[in-house]
Amino acid sequence: MIFDIEMISSFYRNLPIKLAEVRKVLRRPLTVSEKILYTHLFPGNQVNSYSRGADYVDFAPDRVAMQDATAQMALLQFMMAGKQQTAVPSSVHCDHLIMAKSGAEADMKTAFTGNKEVYDFLSTVCNKYNIGFWKPGAGIIHQIVLENYAFPGGMMIGTDSHTPNAGGLGMVAIGVGGADAVDVMTGMAWELKLPRLIGIKLSGKLSGWASPKDIILKVAGMLTVSGGTGCIVEYFGEGAEALSSTGKATICNMGAEIGATCSLFGYDEAMARYLSATGRKEVAEMALSVGEHLRSDIEVITSPEKFYDQFIEINLSELEPYINGPFTPDLATPVSKMKEAAEKNGWPVNIEVGLIGSCTNSSYEDISRAASVVKNALAVNLTAKAEFKITPGSEQIRNIAERDGYLKLFEEIGGEVFANACGPCIGQWDRKGSDRNPVNSVIHSFNRNFAKRTDGNPNTNAFVASPELVTAIVISGKLTFNPLTDTLVNSEGKEVRIAEPKGFELPPAGFGKTDNGFQEPAKNGRNIEIAIAPGSDRLQNLAPFAEWDGNDYHNLPLLIKAKGKCTTDHISMAGVWLKYRGHLENISNNYMIGAINFFNGKANEILNQLTGKYDGVPAVARAYKAAGLGSVVVGEENFGEGSSREHAAMEPRYLNVKAVLVKSFARIHETNLKKQGILPLTFADKSDYDKIKETDKICITGLNELAPGKNVRVVLQHSDGTKDEISAKHTYNESQIDWFKAGSALNLIRKSSANKSK
Ligand code: SF4
């Protein structure tokens, strides 16, 4: 079955006509993402020459994907919107809640029992509202989307930061919060500030140990975790065309690590091969028939510096494998320099565990190349010095990896196969001994390596590399092992080398057939009851947030002045908290518990201005709320970088935080705050951050005159009776100001549904 084939055919049929209209207005060569964006303008929106990085534009994405952790809140919100079914094809994927501990079989049993109420809830909501449901064990959202739903030229949003993975099939695929998913599922326009464009030309060709992963690891090192913020990254050139579609997906997936809105490649033969191999030959043929509209115009390819806001060229023939980390994915070290870097930084060089797989790197090509490393090592009598864990991206991939003998090879060298799920990539790894918090190093082929993300231990130094390099490092047991130059001593005491990896782009024996874990929704879901167990501590129906009362904010106590990096993991921690994703009241107990208090350098220990005592952030926020007070959160640069979870915005709203004032925001978090009715403000003068004192009461005035481009006045009332008046910027446009006034974006949607059904 090809999903959404009618929608896809209609899109390709209309594409040349729509694009001709766009060309009439823009009258210049277009890049591939411009072609996709302009042909997905929300119906009724006129084609204009929008300014990149400035204009907010309304779009109509083709589909929505949600993972089980974020889907709970998105669907609870959707249920409040008063609709019969979703306006566009949508899907839910049960991948984030499965703990990796004792291997796939045992872990799946535990997940089915432990998460039953959540799975029942998701399954019944999907059934009722015509949403595709991928059961636990089916696989990880982005791998399933690539295997089943993504199509060149399409546009989708997903409630997960690594949704851009689908750029490997030429799709503009953007990670958003649940509130944005609700917009699209309810048929509203989805608004985005038109991204700026970064063009990356890949010349030359990968060889030996270098892989697509190394391209994005290098790019992360060049652009840093915020270098892609507000941008779409387009890859092109002969080096790009030589990459497999799944290799392209790895690169697009990790574009999230540079803060990019999304990344993508133009349509090419590798995409056609992947579509055909995964049962979508018809889609490949339709895409081919309009191929010129699914790639950048030739003028863009030949003179990229004229058309992109930033242009970079990377010669793949010279690219070395990279190892990025620890604690941030942009700390890029070429493998040949790792000995020096580890010594200089005091990183523990003994690798305890290596992990491969995840949504980022579990294609057939990845698995077959990693397996070839194992085979080559076994052939010269090497054994693994570190533990080795494998998380397949989907049941389809696991099934063929087993069929083709790769899983057996991994097990032969001591590997353990976890469930087809996120597991260790999102802190869902019950790693033996990690509760003792020893300093140690692990290496994985996942995408993120912030502190605690892998095993919850803040002292775990997590490094990121390609699956083949992770496998070689597992065998050596050393972070500093360079398989291009170094030898290892085998079981016979001889010095040997591991031959370079070889793999297959696509399975020579095909993808085969398996029960892929899909549940088709009911034809008519009207009478289906949604399962929420009474008294559940994991799921709770939502109540609408109150409308803004029209008054300025006065005397709001400072809740926390966060110091340094404050990602969504610091704001709303994952790991054990994932189980409360559908229960706003309970999950609010993790609000900002990972953030560092500027005034004492401690996490989750802040001053309660009412009592003069120190307490946890959620407890103090609740105390202010109980006293009828709002509060203000202050932070530094790129506040809210990382995941797209809207809990990081709903929790402060629930706890009565009125404004978040920072040096700069990560895009998704800023939008999420706006959607939930919280004011996201940035210091007009960043040095004003230094003026915030621990006992400050904060006033934010002029809210009745809130207008695009107009700064807001903030008064800091210090406890010694002095005051500082500062100016704060915001990025609200007119319609977003209506969200603020209504109390949330969803309040506006509900009003409009109610008006239509009258
Ligand atoms: S990045 Fe990790 S947690 Fe996120 S979808 Fe991929 S495997 Fe899951």
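The values are calculated or read from the model by the stated rules, or taken from the named source; none is laboratory data. Computed from a prediction, not measured in an experiment: that's the story for all the values here. Heads up, the Cβs are rebuilt from the backbone with ideal geometry, glycines too, and the neighbour counts pull from every protein chain shown. Heads up: the accessible areas ignore ligands, DNA and RNA and are worked out on the full protein's heavy atoms, side chains in. Shrake-Rupley method; radii C 1.70, N 1.55, O 1.52, S 1.80 Å.
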- Task: Would you check if residue 77 is exposed (fewer than 15 other Cβ atoms within 10 Å of the Cβ), more than 16 Å from the ligand (Cβ to nearest atom), in contact (Cβ under 8 Å) with a residue 60 or more places away in the chain and not hydroxyl-bearing (Ser, Thr, Tyr)?
- Result: no
- Scanning segment 24-59 for residues that are open to solvent by 40 Å² or more (accessible area, probe 1.4 Å) and on the phi > 0 side of the Ramachandran plot, which turns out nearest to the ligand (Cβ to nearest atom)? 44
- Query: Quick one: would you say residue 88 is in contact (Cβ under 8 Å) with a residue 24 or more places away in the chain, surrounded by 15 or more Cβ atoms within 10 Å (Cβ to Cβ) and part of a loop (DSSP other than H, G, I, E, B)?
  - Reply: yes
- Query: Can you name the residue in segment 418-453 that is without any contact (Cβ under 8 Å) to a residue 40 or more places away in the chain and polar (S, T, N, Q) and, of all such residues, is farthest from residue 394 (Cα to Cα)?
  - Reply: 437
- Which condition breaks for residue 653 when tested against (1) surrounded by fewer than 24 Cβ atoms within 10 Å (Cβ to Cβ); (2) in contact with a strand residue (DSSP E or B) (Cβ under 9 Å, 6 or more places away or on another chain); (3) not hydroxyl-bearing (Ser, Thr, Tyr); (4) not in a loop (DSSP other than H, G, I, E, B)? (2)
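Kindly indicate whether residue 18 is modelled with pLDDT of 95 or more and either within 16 Å of the ligand (Cβ to nearest atom) or not acidic (Asp, Glu) (or both).
Spelling it out, residue 18 is indeed modelled with pLDDT of 95 or more and either within 16 Å of the ligand (Cβ to nearest atom) or not acidic (Asp, Glu) (or both).
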- Considering every residue within segment 400-418, establish whether at least one is of a type in the set (Val, Ile, Thr), open to solvent by 10 Å² or more (accessible area, probe 1.4 Å) and within 16 Å of the ligand (Cβ to nearest atom). yes
- Message: Residue under question is residue 661, and the condition is that it be over 30 Å from residue 78 (Cβ atoms), open to solvent by less than 10 Å² (accessible area, probe 1.4 Å) and outside any loop (DSSP other than H, G, I, E, B); does it hold?
- Response: yes
- Item | All positions within segment 90-121 that are more than 16 Å from the ligand (Cβ to nearest atom) and within 20 Å of the chain's Cα centre (by Cα) | 90
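Residue by residue, here is whether (1) touching a His at 6+ places or on another chain (Cβ under 9 Å); (2) without any contact (Cβ under 8 Å) to a residue 40 or more places away in the chain; (3) farther than 21 Å from residue 439 by Cβ; (4) not charged (D, E, K, R) holds:
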residue	(1), (2), (3), (4)
344	no, yes, no, no
352	no, no, no, no
376	no, no, yes, yes
385	no, no, no, no
391	no, no, yes, yes
394	no, no, yes, yes
399	no, no, yes, yes
402	no, yes, yes, no
- Task: Restricting attention to strands (runs of 3 or more DSSP E) lying wholly within segment 156-247, give those where 2 or more residues are in contact with a helix residue (DSSP H, G or I) (Cβ under 6 Å, 6 or more places away or on another chain).
- Result: 172-175, 196-203, 231-236
- Message: Residue pairs, Cβ under 8 Å, 6 or more apart or interchain, first in segment 570-586 and under 20 Å from residue 120 (Cβ atoms), second assigned to a loop (DSSP other than H, G, I, E, B) and open to solvent by 40 Å² or more (accessible area, probe 1.4 Å). List them.
- Response: 580/537; 582/540; 583/537; 583/540; 584/540; 586/537; 586/540
- Message: residue 531 - would you say it is hydrophobic (A, V, I, L, M, F, W, C) and in a loop (DSSP other than H, G, I, E, B)?
- Response: yes
- Message: Taking the criterion of being of a type in the set (A, V, I, L, M, F, W, C), out of contact with any helix residue (DSSP H, G or I) (no Cβ under 6 Å at 6 or more places or on another chain) and surrounded by fewer than 23 Cβ atoms within 10 Å (Cβ to Cβ), would at least one residue in segment 60-68 satisfy it?
- Response: yes
- Query: Scanning for something on the phi < 0 side of the Ramachandran plot, out of contact with any Ser or Thr (no Cβ under 8 Å at 6 or more places or on another chain), within 15 Å of the ligand (Cβ to nearest atom) and in contact (Cβ under 8 Å) with a residue 24 or more places away in the chain, does segment 166-178 turn up at least one residue?
  - Reply: yes
- Message: If I ask for residues that are out of contact with any strand residue (DSSP E or B) (no Cβ under 6 Å at 6 or more places or on another chain) and surrounded by fewer than 22 Cβ atoms within 10 Å (Cβ to Cβ), which ones from segment 383-399 would you list?
- Response: 383, 384, 385, 399
- Taking segment 419-448 and keeping residues away from the ligand (no atom under 11 Å from the Cβ), surrounded by 24 or more Cβ atoms within 10 Å (Cβ to Cβ) and assigned to a loop (DSSP other than H, G, I, E, B) leaves 419
- Note on the structure: The lone condition residue 124 fails out of (1) within 15 Å of the ligand (Cβ to nearest atom); (2) in a helix (DSSP H, G or I); (3) modelled with pLDDT of 95 or more; (4) not aromatic (Phe, Trp, Tyr) is (1)
- Item | Selection within segment 604-617 - surrounded by fewer than 18 Cβ atoms within 10 Å (Cβ to Cβ) and either closer than 21 Å to residue 450 by Cβ or at pLDDT below 95 (or both) | 605
- Item | Looking only at segment 723-758, and only at residues there that are assigned to a loop (DSSP other than H, G, I, E, B) and more than 22 Å from residue 76 (Cα to Cα), the one that is most open to solvent (accessible area, probe 1.4 Å) | 758
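Step by step: first the residues of segment 680-696, then only those that are in contact with a Lys or Arg (Cβ under 8 Å, 6 or more places away or on another chain) and of a type outside the set (A, V, I, L, M, F, W, C), then the one that is farthest from residue 668 (Cα to Cα). Which residue is that?
For segment 680-696, the residue satisfying everything is 694.
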- Message: If a residue must be in a loop (DSSP other than H, G, I, E, B) and open to solvent by less than 10 Å² (accessible area, probe 1.4 Å), how many such residues does segment 678-722 contain?
- Response: 3
- Message: From the list 140, 144, 200, 157, exactly one residue is modelled with pLDDT of 95 or more and more than 16 Å from the ligand (Cβ to nearest atom). Which is it?
- Response: 200
- Can you pull out the residues in segment 456-512 that are among the acidic types (Asp, Glu) and open to solvent by 10 Å² or more (accessible area, probe 1.4 Å)? 486, 492, 495, 500, 505
- Message: If I filter segment 366-389 for residues that are small (Gly, Ala, Ser), more than 30 Å from the chain's Cα centre (by Cα), part of a loop (DSSP other than H, G, I, E, B) and farther than 12 Å from residue 417 by Cβ, do I get at least one hit?
- Response: yes
- Counting only residues that are more than 16 Å from the ligand (Cβ to nearest atom) and either in a loop (DSSP other than H, G, I, E, B) or of a type in the set (Val, Ile, Thr) (or both), how many does segment 249-307 have? 17
